[in-house]
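Remarks on the structure that follows.
The values are calculated or read from the model by the stated rules, or taken from the named source; none is laboratory data. Since the structure is predicted, the reported quantities are computational estimates derived from the model, not experimental observations. Here Cβ is always computed from backbone atoms with ideal geometry, including for glycine, and neighbour counts include all displayed protein chains.
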Amino acid sequence: MLTRLHPLDIAILAAFLLFQTWVGIRLWRERGRLATATDFLLGGRRLTMPGFVATLVATWYGGILGVGEYSYLYGISNWLVFGVPYYIWAIVFALYLARPARRTLFISLPDHLDQAYGRIPAMTGAAVVFIMTVPAAYVLMIGTMGTLLLGWPLWWGVVIGAVISVVYLLAGGFNSVVRTDKIQFLAMYVGFAVIVIFAFLQYGGWSFLKTNLPETHFTWHGGNTAWFVASWFFIAAATLVEPSFYQRCYAAKSESVAKRGILISVAFWILFDFLSTAAGLYARATIPELANAESSYPALAARVLPPGLVGVFLVGIMAGIFATVDSYMFIAAISIGRDIYGRIKSSTDRGIRTMTRWGLVVSALVSVTLALSSQSVVGLWRDLGSIGVPVLLFPVLWTFRKKQQRMSTKRVVTWMLVPGVVSLVWIGLRVFGSGYLWGVEPIFPGLLVSVLLWIVFIRNGNST
């Protein structure tokens, strides 16, 4: 337990959790508006600009404790590593993929694979999307917050976080995601603005930070190698196959909302990254002896904020985590209920809604199991992403070509699975050996194999 919370702060946290749950489950009263699968899965494609921006921005910050850890340890390099690469790829997505994605009238990312390659590649892609989006890392973060702030056993927070999200997603599906994300979006910005302002008023600005931080905290690399920083520009390419981006584009009211909404979201991400990086710098400058850098944000709050405002800031942290949990939990559920089961057995709208709800239960159980078995947020991010991105990146991008060269099912499945297996083997070298071969992260050999297979298959034509 990091610090003993004031009863007022506990009350504010509890009120936030109850309020967001109530907002989400209100949609039980509006079941008539969820009559079709599109209503339940995409809100009837009526997502307007405010909702689009709020839900997309909030979903991107589930790893907020990791951001605090990195900025505490490496300073403004946090912005370059976890900010700039993702801005660049998000802008690329907005300019080249957002309008075409909305134009398709698809429901999920595997639909692209189905249209271009067929049912089996689509189901393969759906399984990988499930692996990438099952929110184990984020329910683990909720459990970690419960341990740090309330002294709970880790499994209490993990289970409670998963259950809260499932309850309101069962009620309203995508509409519940959007409604709660609007609240979470506001809470994130208010919480981090409060702590940065109070830290500035109490300690001062730039001169205080320059005096009390290591020199490397003001360098672009933060003391890391250039290769480490550069690698994130490749890792961030996962944005081009980020299921939450596609889901928001499919749900957008128009192509214009999809494109402009992402560009506006980038501006909000830049602002939030300024606030979160500044908070990490103040944490390091004021508490340099902190043993666990992952707890830097809660520790700073305990130092600079009065009772009540500590709760407001902690709500801001929890809001970002819950926004990612519910979004990813719902996408993972769609992967099971609609994209896999729905392709095995043709279903009605009612059947798709029912199976997606069962998918939510499965997704929650898998999330809790993985979170408690791994107990490493960074490890879960790295391993699941390193397997999923090489499988999906190039096959999905290839579907956007106007003149697609049809591949046989055998070749497409090979193109998708072999890179994933290569990355999985690379991870195994770390788990069962002494580390990654040549020190190379597993995402890179997977991507390299994917490119080589694409060259071989395209150059050799369309034969089976």
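Which one is surrounded by the most Cβ atoms within 10 Å (Cβ to Cβ) among residues in region 212-227 that are assigned to a helix (DSSP H, G or I) and touching a residue at least 24 places away in the same chain (Cβ under 8 Å)? Break it down stepwise before answering.
Residues of region 212-227 assigned to a helix (DSSP H, G or I): 212, 215-218, 226-227.
Filter again for touching a residue at least 24 places away in the same chain (Cβ under 8 Å), leaving 212, 216-218.
Working: ASN212: 16, THR216: 15, HIS217: 23, PHE218: 15.
That would be HIS217.
Can you list residue pairs whose Cβ atoms sit under 6 Å apart, with the first residue in region 412-427 being at negative phi and the second being modelled with pLDDT under 90 and in a helix (DSSP H, G or I)? Count only pairs 6 or more apart in sequence or on different chains.
GLY420/ILE387; SER423/SER386; SER423/ILE387; LEU424/ILE387; ILE427/ASP383
Restricted to region 433-464, and to residues that are at pLDDT below 80 and closer than 23 Å to SER374 by Cα, which residue is surrounded by the most Cβ atoms within 10 Å (Cβ to Cβ)? Talk me through it step by step, then tell me what you get.
Here is the first cut: in region 433-464, the residues at pLDDT below 80 are 433-441, 458-464.
Now drop any that are not closer than 23 Å to SER374 by Cα, which leaves 433-437, 439-441.
Numbers: GLY433: 9, SER434: 7, GLY435: 8, TYR436: 15, LEU437: 13, GLY439: 7, VAL440: 13, GLU441: 18.
My answer is GLU441.
Would you say THR324 is of a type in the set (S, T, N, Q) and either outside any helix (DSSP H, G or I) or within 16 Å of TYR189 (Cα to Cα) (or both)? Before you say what the answer is, go through the steps one by one.
Numbers: of a type in the set (S, T, N, Q): yes; either outside any helix (DSSP H, G or I) or within 16 Å of TYR189 (Cα to Cα) (or both): yes.
The answer is yes for THR324.
Could you please give the count of residues in region 245-265 that are surrounded by 19 or more Cβ atoms within 10 Å (Cβ to Cβ), part of a helix (DSSP H, G or I) and not basic (Lys, Arg)?
Of region 245-265, the ones surrounded by 19 or more Cβ atoms within 10 Å (Cβ to Cβ) are 245-252, 257-259, 261-262, 265.
Filter again for part of a helix (DSSP H, G or I), leaving 245-251, 257-259, 261-262, 265.
Narrowing the set further to residues that are not basic (Lys, Arg) leaves 245-247, 249-251, 257-258, 261-262, 265.
Going through region 245-265 one residue at a time, the tally reaches 11.
Out of the residues in region 352-384 that are surrounded by fewer than 18 Cβ atoms within 10 Å (Cβ to Cβ) and of a type in the set (Ser, Thr, Tyr), state the one that is modelled with the lowest pLDDT.
SER376
Counting just the residues of region 98-137 that are hydrophobic (A, V, I, L, M, F, W, C) and farther than 23 Å from THR324 by Cβ, which one comes out surrounded by the fewest Cβ atoms within 10 Å (Cβ to Cβ)? I'd like the intermediate steps shown before the answer.
Taking region 98-137 and keeping what is hydrophobic (A, V, I, L, M, F, W, C), we get 98, 101, 105-107, 109, 113, 116, 120, 122-123, 126-132, 134, 136-137.
Next cut, farther than 23 Å from THR324 by Cβ only: 105, 113, 116, 120, 122-123.
Details: LEU105: 11, LEU113: 28, ALA116: 20, ILE120: 16, ALA122: 23, MET123: 21.
Among those that are hydrophobic (A, V, I, L, M, F, W, C) and farther than 23 Å from THR324 by Cβ, it is LEU105.
Look through LEU18, LEU95, LEU2 and report the one residue that is modelled with pLDDT of 95 or more, surrounded by fewer than 21 Cβ atoms within 10 Å (Cβ to Cβ), over 20 Å from the mean Cα position of the chain (by Cα) and of a type outside the set (D, E, K, R). Show your work before the answer.
Values: LEU18 fails: modelled with pLDDT of 95 or more; LEU2 fails: modelled with pLDDT of 95 or more.
After applying the criteria, what remains is LEU95.
I'm checking my understanding of the structure. Among residues of region 188-204 that are crowded, with 24+ Cβ neighbours inside 10 Å and either within 23 Å of THR48 (Cα to Cα) or of a type in the set (Val, Ile, Thr) (or both), which one is nearest to the chain's Cα centre (by Cα)?
If we filter region 188-204 for residues that are crowded, with 24+ Cβ neighbours inside 10 Å, which is where we start, we get 188, 191-192, 195, 199.
Those still in the list that are either within 23 Å of THR48 (Cα to Cα) or of a type in the set (Val, Ile, Thr) (or both) too: 188, 195.
On the way: MET188: 15, ILE195: 24 Å.
Result: MET188.
Quick check: is even one residue across region 161-180 touching a Leu at 6+ places or on another chain (Cβ under 9 Å), surrounded by fewer than 20 Cβ atoms within 10 Å (Cβ to Cβ) and among the aromatic types (Phe, Trp, Tyr)?
Scanning region 161-180 turns up no residue that is touching a Leu at 6+ places or on another chain (Cβ under 9 Å), surrounded by fewer than 20 Cβ atoms within 10 Å (Cβ to Cβ) and among the aromatic types (Phe, Trp, Tyr).
Mind listing just one residue for me: the one in region 400-439 that is of a type in the set (Ser, Thr, Tyr) and part of a helix (DSSP H, G or I) and, of those, farthest from ILE458 (Cα to Cα)?
From region 400-439, those of a type in the set (Ser, Thr, Tyr) are 408-409, 414, 423, 434, 436; that's our starting set.
With the extra rule that they be part of a helix (DSSP H, G or I), the set shrinks to 409, 414, 423.
On the way: THR409: 14, THR414: 13, SER423: 23 Å.
Among them, the one singled out is SER423.
Looking at the structure I just gave you, is TYR61 part of a loop (DSSP other than H, G, I, E, B) and either of a type in the set (A, V, I, L, M) or touching a helix residue (DSSP H, G or I) at 6+ places or on another chain (Cβ under 8 Å) (or both)? So that I can check it myself, show each step before the final result.
Values: part of a loop (DSSP other than H, G, I, E, B): yes; either of a type in the set (A, V, I, L, M) or touching a helix residue (DSSP H, G or I) at 6+ places or on another chain (Cβ under 8 Å) (or both): yes.
Yes: the conditions hold for TYR61.
Condition check: farther than 18 Å from THR239 by Cα and modelled with pLDDT under 90. Does ILE387 satisfy that? Show your work before the answer.
On the way: farther than 18 Å from THR239 by Cα: no; modelled with pLDDT under 90: yes.
In short, no.
Could you go through region 391-407 and let me know if any residue there is out of contact with any Gly (no Cβ under 6 Å at 6 or more places or on another chain), modelled with pLDDT of 85 or more and either within 30 Å of TRP155 (Cα to Cα) or loosely packed, with under 14 Cβ neighbours inside 10 Å (or both).
no
Which residue, of ALA90, ALA94, ALA136, is within 21 Å of ALA332 (Cβ to Cβ), in contact (Cβ under 8 Å) with a residue 24 or more places away in the chain and not basic (Lys, Arg)? Write out each step before concluding.
Values: ALA90 fails: within 21 Å of ALA332 (Cβ to Cβ); ALA94 fails: within 21 Å of ALA332 (Cβ to Cβ).
Within the list ALA90, ALA94, ALA136, the selection yields ALA136.
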